[in-house]
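The values are calculated or read from the model by the stated rules, or taken from the named source; none is laboratory data. Given the structure is predicted, the values throughout are model-derived calculations rather than measurements. We place every Cβ from the backbone using ideal geometry, glycine too, and count neighbours over all the protein chains shown.
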């Protein structure tokens with residue numbers, strides 16, 4: 001379908017009814033994500049001695065199963081630093097002790113799908129005020145949302161984040 005067959009004025013009226021600063025919901029985000037890149041922050045979470053990196057296990061319909069560098073999409077008119085802190089809160093219920101960055105940026109593509117298929121990632125190096133809750137620590141079989149510290153990047157980092165391996169092996 002090309003723009004000659006879309007009632008752009010109708011779409012515009014519909015968009016005008018949305019206060020994107022309050023969030024757009026997952027369904028609308030997924031629809032938009034197949035037409036435009038998503039800008040996100042990725043948190044390389046280091047231990048206090050900087051020898052370990054904290055990763056989460058992800059197994060969902062878009063990415064995974066595999067280890068994942070925690071991150072989140074920046075909302076409309078949200079400051080990227082606010083999203084950095086929000087990711088730590090959402091993923092681990094923790095405040096950040098330090099934030100460095102962005103230390104890099106990467107363009108990431110999923111070549112097999114359009115929905116959630118193009119990201120522009122701003123990478124930050126951070127430390128947590130205190131370690132994550134042991135309730136979600138993975139000690140044997142991985143589970144969605146569980147976490148583990150790593151000395152080096154694991155082989156099964158989700159493929160979409162392969163460009164970020166260098167931050168885990170540094």
With the requirement that a residue be in a strand (DSSP E or B) and either touching a helix residue (DSSP H, G or I) at 6+ places or on another chain (Cβ under 7 Å) or closer than 16 Å to residue 37 by Cα (or both), what does the range 68-98 give you? 68, 71, 72, 73, 96
Any residue that is surrounded by fewer than 17 Cβ atoms within 10 Å (Cβ to Cβ), at pLDDT 95 or above and within 14 Å of the chain's Cα centre (by Cα) - is there at least one of those in the range 45-67? no
Determine if the range 2-22 includes at least one residue that is within 29 Å of residue 135 (Cβ to Cβ) and in a loop (DSSP other than H, G, I, E, B). no
So residue 149 fits all but one of (1) surrounded by 15 or more Cβ atoms within 10 Å (Cβ to Cβ); (2) on the phi < 0 side of the Ramachandran plot; (3) under 17 Å from the mean Cα position of the chain (by Cα); (4) part of a strand (DSSP E or B); what number is the exception? (3)
Single residue of the range 100-117 satisfying the filter (in contact with a strand residue (DSSP E or B) (Cβ under 7 Å, 6 or more places away or on another chain) and surrounded by fewer than 16 Cβ atoms within 10 Å (Cβ to Cβ)) that is nearest to residue 159 (Cα to Cα): 109
